[in-house]
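Accompanying notes for the structure given below.
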Amino acid sequence: MQRIASTLVSDLSLSRIAFGLWRLTDWQYSPAERVALFEQMLDLGVTTFDLADIYGDYRCERFFGEALKLKPQLRERMEIVSKCSIRLAGEASGARINHYDTSGTHVRGAVENSLRDMGIEQMDLLLLHRPDPLMDAEALAAVLEQLVAEGKVKHLGVSNFLPHQVDLLQSRLSLPLVVNQVEVSLLHSLPMFDGQLDHCQQHRMIPMAWSPFAGGRLFSADDADAIRVQKGLHAMCESRGLETETGAMQLAVAWLLRHPANIVPVLGSGNLQRLVAALAALEMELGREEWFELLRAGRGRDVD
Amino acid sequence: MQRIASTLVSDLSLSRIAFGLWRLTDWQYSPAERVALFEQMLDLGVTTFDLADIYGDYRCERFFGEALKLKPQLRERMEIVSKCSIRLAGEASGARINHYDTSGTHVRGAVENSLRDMGIEQMDLLLLHRPDPLMDAEALAAVLEQLVAEGKVKHLGVSNFLPHQVDLLQSRLSLPLVVNQVEVSLLHSLPMFDGQLDHCQQHRMIPMAWSPFAGGRLFSADDADAIRVQKGLHAMCESRGLETETGAMQLAVAWLLRHPANIVPVLGSGNLQRLVAALAALEMELGREEWFELLRAGRGRDVD
Amino acid sequence: MQRIASTLVSDLSLSRIAFGLWRLTDWQYSPAERVALFEQMLDLGVTTFDLADIYGDYRCERFFGEALKLKPQLRERMEIVSKCSIRLAGEASGARINHYDTSGTHVRGAVENSLRDMGIEQMDLLLLHRPDPLMDAEALAAVLEQLVAEGKVKHLGVSNFLPHQVDLLQSRLSLPLVVNQVEVSLLHSLPMFDGQLDHCQQHRMIPMAWSPFAGGRLFSADDADAIRVQKGLHAMCESRGLETETGAMQLAVAWLLRHPANIVPVLGSGNLQRLVAALAALEMELGREEWFELLRAGRGRDVD
């Protein structure tokens, strides 16, 4: 599989498509089943595994670690991405209210917890999960640099940060922010126009795309926008002679892959067959006109 | 009282809370009563006095000067902030229409007028009151630098400028813009998300907050947003054992003080008792979760 | 006529007002009539001629070239501006769907086509017509630089680019983007507030204004916004003793000329009398209050 190498640092590349584990706890797999799935993904070339401390109500990283423990040698073949700074209300976090916490104490604690839960020494990429209005950039940068210096984190990035939020944190950080993971899909193409992806391209950050299928709305929702996209995808499947269900999925992925900022879509299915089908998007050549046809379907209007 | 020192220049610091005089002419105080109030504020550590040429229909600076004349030695204990570039329609300005004027002639004239009205030689901080679509950054920068060179103005800043407007003016100015005074409150938290406060933090400008109580709406308005904030504040007063009225005011101030950009709230009451009560916010420790509870009350929704 | 010299490059200046040829094919002029009109414009000092490959369904550049062939010596007196990167659906382009194309192949082909159609060796200014979500800044910059190196294009610019889109392309380009042609008028003053014109001023790009009369809405539409502007213009005509129809047009141009970013309005009429009348705007002194009166008429509200 093609890989996206960061040009900001010499020792990081991501697989062209990442494997999202935010629903790992929902898949009802035994540890052995999980490790088998991981290995299959690795064998397919999908080496970037995307997690966060809060996924599965704080349990996904443990589920991941439990599996990895069965075959620890898989770890070396992976890039493990995790995130912190959201605190969800509930017993697991002890928080009364959903909030963000980019304090040094919390970030350090969260990273150490994640490493412990996953049973690894280092995460390849730590992302700050959400921009925090209370972010003290200087204090946060210092803690992030320490975590890298201690070897707990290899590289740094952000998620859902707007350009000005990236600029602020980067201004205090001596290490580059190498990734911004944002929501992008045919039903959420705004980041292609409002500067988010341009900022990534300009500063050579790799954008990862969460919810590349808009949480499934792309294929099954019945609101007007979704129906328009479904029709667009189905028409293109027909003209290309693709089976509708897998074809639509492939086109939705290919549409993201075609973007010049080198978007890495995060696919979060636990169904191997579906994942394999989606990977076929990598072999698709989506023409420029096809790309704009899908964009038009997504936005419901022509370009200006 | 704690002070906020500019890190852009060596000789400017503001008191953690500023005293806003935009209603000075409404307070119906004699010059002697005014100077007494000023001295009480100074004794409490509130040394930053905020004015503008247009306040009180162009009369506040004269009222201020009249009082200061009774005890001129107070001047040395103050940082006097004033603003220009708005021209209000009416007899006082001779303007037919409310407009902005950042021309060299107007800015110089306005500053000289303000100094004369206040009876001082120099203002510590001159802010351009509003971004002017007709701002010629180069010409304006030249005049501002001259005013500093002549000693009429010690430091420069802006008010209500969006980041791109700050960037433009700063690009032509050899002196740093040290302050941006913007509207921020529990009912106007947008500047915490849209880049205004991030830009301040990044460029080390001190943000001052005008209308920190949203013009009183925070405590007495009966629209849905205001009622939600009132409930939030009252609930927190109760859980902290604070008297409701002063507690709400203190929490609203403490909420601003908690922000990492070092917001200096501008309090514009002429009631000493109320001012003293508000200053107690400086001693409050507002927890992160409490901060987000109040944010949620202000925005009417959870964080993403 | 006054000229606007680029301060980014030494060998480009535009006439204070540009001549827009986007309706050239509608004017029903013979080649001889066209060249006569061009010469009259040049004699009036309007030397900047604005075109695009797509104007007149891809026929304007040919109409222009046909005329220029009759008197080739006029070319030296002109700055010829053209644009590419939009592909309109239809026979002329062979495209199925309106879309943008900033690929090297398309841009090079479009420029070479434009030169051939106009019968010239070099265009003075090539603008990318619209920001393209699929813009690969690095690849595009390389092609643009080659086109300049080959002498096919003298200088580079953009059109309808937002600041972050300019920043991205400029970050990969060793030559300066000297112009951004955007929509600005009394009925579309947003670029004066959202950063578009501030970005031009900051980076010393010359803004050209398309649709300076909002496609005629300024004078003849009957929506509420247009009527308000018409009233504002008419009242000012009266107070200045101007004939209403030409006066309104002159004021609308003078309003743009008054902006400190040195906006070059693009006038697209084929009626010489009307053009001459509009040029009288250059002699108008629009006062600051008058400028804000017209702004208020355009926005339907006072300044803050």
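Kindly write out, for the range B:201-207 in residue order, the coupling ³J(HN,Hα) from the Karplus curve 6.51 cos²θ - 1.76 cosθ + 1.60 (θ = phi - 60°), rounded to whole Hz, with x marking Gly and Pro.
Working through the residues one at a time gives 4, 4, 9, 6, 7, 7, x Hz.
Using only the C-alpha atoms of the range A:157-304, find the volume of their convex hull and express it per residue in Å³.
Working: hull volume 17.3 nm³, N = 148.
That works out to 117 Å³ per residue.
Mind listing the long-range amide H neighbours of A:MET208? Cut-off is under 5 Å, sequence gap 5 or more, other chains count too, H placed in the peptide plane at 1.01 Å from N.
Answer set, sorted by chain and number: A:ASN180, A:GLN181, A:VAL182, A:VAL264.
Dividing the alpha-carbon Rg of chain B by 2.2 N^0.38 Å yields what?
Values: Rg = 19.0 Å, N = 304, 2.2 N^0.38 = 19.3 Å.
Its radius of gyration relative to the 2.2 N^0.38 Å reference: 0.98.
Please state the charge dipole magnitude for the protein assembly as shown, taken about the Cα centre, from unit charges on C-beta atoms (+1 on K and R, -1 on D and E), reported in debye and rounded to the nearest 20.
Numbers: 90 positive and 120 negative charges, 40 e Å.
The calculated dipole for the protein assembly as shown is roughly 200 debye.
Which Rg and Dmax, in Å, describe the Cα atoms of the range C:4-68?
12.9, 38
If you take every DSSP beta bridge fully contained in chain C, what fraction is antiparallel? Give it as a percent rounded to 5. Numbers along the way, then the final one.
On the way: 7 of 34 bridges.
Counting only bridges with both partners in chain C, antiparallel ones make up about 20 percent.
If you take every residue apart from A:LEU12 with its C-beta less than 9 Å away from the C-beta of A:LEU12, what net charge results, scoring Lys and Arg +1 and Asp and Glu -1? Spell out each step's value before the answer.
On the way: positive: A:LYS154; negative: A:ASP11, A:GLU79, A:ASP124.
Surrounding charge for A:LEU12 is -2.
Describe numerically, in nm with one decimal, the distance between label points set 7 Å from Cα along Cα→Cβ at C:PHE193 and at A:ALA89.
3.7
Calculate the length of the line joining the C-alpha centroid of the range C:109-161 to that of the range B:207-229, in whole Å.
First find each Cα centre; the distance between them is then 52 Å.
In the full protein assembly as shown, how much of A:TYR58 is accessible to a 1.4 Å probe, in Å² to the nearest 10?
My reading of the accessible area for A:TYR58 is about 40 Å².
Let me know the mean shielding of A:161-167 by other chains, meaning the per-residue number of their Cβ atoms within 10 Å of its Cβ.
Values: counts 0, 4, 4, 9, 4, 1, 5.
Counting other chains' Cβ atoms within 10 Å and averaging over A:161-167 gives 4.
With +1 on each Lys and Arg Cβ and -1 on each Asp and Glu Cβ, and nothing else charged, work out how big the dipole of chain B is about its Cα centre, in Debye to the nearest 20. If you can, show how the numbers build up before the last one.
Numbers: 30 positive and 40 negative charges, 46 e Å.
I would put it at about 220 debye.
What accessible area, in Å² to the nearest ten, does a 1.4 Å probe give for C:LEU187?
Taking all protein chains as shown, C:LEU187 has close to 30 Å².
Label-to-label distances across copies for A:GLY119, with labels 7 Å out along Cα→Cβ, in nm, shortest first?
8.0, 8.0
Per the helix-only calculation at 222 nm, which mean residue ellipticity applies to the protein assembly as shown, given -39500 (n - 2.57) for every DSSP H run of n ≥ 4 and division by its residues, nearest 500 deg cm²/dmol? Before the final figure, lay out each step's value.
Details: 36 runs with 382 residues, N = 912.
About -12500 deg cm²/dmol.
Tell me, what HN-Hα J-couplings in whole Hz come from the Karplus equation 6.51 cos²θ - 1.76 cosθ + 1.60 at θ = phi - 60° for each residue of the range A:171-187, using x for Gly and Pro?
Result, rounded to whole Hz: 5, 9, 10, 7, 9, x, 7, 9, 9, 10, 9, 10, 7, 9, 6, 4, 9.
Return the distance in nm (one decimal) between the two label points of a simple spin-label model at C:ILE227 and C:GLN73, each offset 7 Å from Cα along Cα→Cβ.
5.5
Please find, in a Gaussian network model of chain A (springs between Cα atoms separated by less than 10 Å), the residue of A:ALA36, A:ALA92, A:ALA67 whose mean-square fluctuation is greatest.
Largest GNM mean-square fluctuation: A:ALA92.
Taking 1 over the mean of 1/r across every pair of different Cα atoms in the range A:3-183, what Kirkwood radius in Å do you get? Don't jump to the answer; show the numbers that get you there.
On the way: mean 1/r = 0.0604 Å⁻¹.
The answer is 16.6 Å.
Excluding residues fewer than 8 places away in the same chain, name every one of the lysines whose C-alpha is closer than 16 Å to that of C:LYS83.
The reachable lysines, counting only those whose Cα sits under 16 Å from C:LYS83, are C:LYS152, C:LYS154.
Based on the Cβ-Cβ distance of C:THR7 and C:SER174, what FRET efficiency does E = 1/(1 + (r/R0)^6) give at R0 = 22 Å, to the nearest 0.05? Walk me through the numbers before you get to the answer.
Numbers: r = 18 Å, r/R0 = 0.81.
The calculated FRET efficiency here is 0.80.
Tell me, what HN-Hα J-couplings in whole Hz come from the Karplus equation 6.51 cos²θ - 1.76 cosθ + 1.60 at θ = phi - 60° for each residue of the range B:142-149, using x for Gly and Pro?
In residue order, the calculated couplings are 4, 5, 4, 5, 5, 4, 6, 4 Hz.
Quick check: pseudo-label points 7 Å beyond the Cα along Cα→Cβ at C:GLU238 and B:VAL303, how many nm apart are they?
Reported label-point gap for C:GLU238 and B:VAL303 is 5.8 nm.
Where nothing but the Cβ of Lys and Arg (+1) and of Asp and Glu (-1) is charged, how large is the charge dipole of the range C:4-84 around its Cα centre, in debye to the nearest 20? Display every interim value, and only then the final one.
Numbers: 10 positive and 12 negative charges, 11 e Å.
Using only the charged Cβ atoms, the result is roughly 60 debye.
Which FRET efficiency value, to the nearest 0.05, is calculated for A:LEU282 and B:ASN271 with the Förster distance at 60 angstrom and r the Cβ-Cβ distance?
Working: r = 69 Å, r/R0 = 1.15.
According to the calculation, E is roughly 0.30.
Treat the range B:50-101 as a sphere of radius equal to its Kirkwood radius over Cα pairs and apply Stokes-Einstein at 4 °C in a medium of 1.567 mPa s; give the translational diffusion coefficient in µm²/s, rounded to a whole number. Walk me through the intermediate numbers first.
Working: Rh = 12.2 Å.
In µm²/s, the coefficient is 106.
Once you order the gyration tensor axes a ≥ b ≥ c over the Cα atoms, which shape class does the protein assembly as shown get: rounded for a/c under 1.5, otherwise prolate or oblate by comparing a/b with b/c?
Oblate.
Please report how far the C-alpha centroid of the range A:32-104 lies from that of the range B:1-77, rounded to the nearest whole angstrom.
55
Given 4 °C and 1.567 mPa s, how large is the Stokes-Einstein diffusion coefficient of the range B:213-254 in µm²/s, with Rh as the Kirkwood radius over Cα pairs? Please report the intermediate quantities before stating the final value.
Numbers: Rh = 10.0 Å.
Once the numbers are plugged in, D ends up at 129 µm²/s.
For C:VAL153, enumerate residues with amide H under 5 Å from its amide H, sequence gap 5+ or separate chain, H modeled in the peptide plane.
Here the answer is C:MET123, C:VAL148, since their amide H atoms fall under 5 Å of that of C:VAL153.
The values are calculated or read from the model by the stated rules, or taken from the named source; none is laboratory data. Just so we're clear, the structure is a prediction, and the values are computed from it rather than from any experiment. Neighbour counts are summed over all protein chains in view; Cβ atoms, including those assigned to glycine, are modelled from backbone coordinates with ideal geometry. Ligands, DNA and RNA are excluded from the accessible area calculation, which covers all protein heavy atoms including side chains. Shrake-Rupley method; radii C 1.70, N 1.55, O 1.52, S 1.80 Å.
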